[in-house]
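Enquirer: Pasting a structure here, questions to come.
What follows is calculated from the coordinates using simple rules that are stated; it is not laboratory data. Predicted model only: the values in this text are computed from it and were never measured. Quick reminder, even Gly has a Cβ in these numbers, built from the backbone with ideal geometry, and neighbours come from all protein chains shown.
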Amino acid sequence: MGLADLKKRATPSEALAATAPSVNVDDFINDALHYAMGQPPQHDNIVNFHRLEQRLAERNATLHPLKRGTFTLGDDTIDKLRQLAQESDISRSRMVRFLVNYFEQLNPQQRKLLYRQFMID
């Protein structure tokens, strides 16, 4: 498939379309062709696209900074976590974050019930 084929099938990304100025797909492909031939681009859309992509990544990193954590889990718990993550089609670390956030939303009485159910002191 060549770059020209992308013109027919191009659809805007929902995440980028919501936060970014529109990028003309034809200009982007033409600039990529010029770049491949060693010519200067006709438009600055390629540069703008990469800058926008970097800004979105930086914004996400500052909004949701992640840190590594080391936890000891039993084999059964690891297997259950892996299964839950596969069923949901999300990563295990994201599943842990989801479960922690869910638990945090519970009122103290609901938490005590769960503690009793799973015999956690």
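Enquirer: Picking from THR62, THR70, which residue would you name as being without any contact (Cβ under 8 Å) to a residue 60 or more places away in the chain, within 24 Å of the chain's Cα centre (by Cα) and part of a loop (DSSP other than H, G, I, E, B)?
Expert: THR70
Enquirer: Taking the stretch 79-121 on its own, how many of its residues are surrounded by 12 or more Cβ atoms within 10 Å (Cβ to Cβ), β-branched (Val, Ile, Thr) and assigned to a helix (DSSP H, G or I)?
Expert: 1
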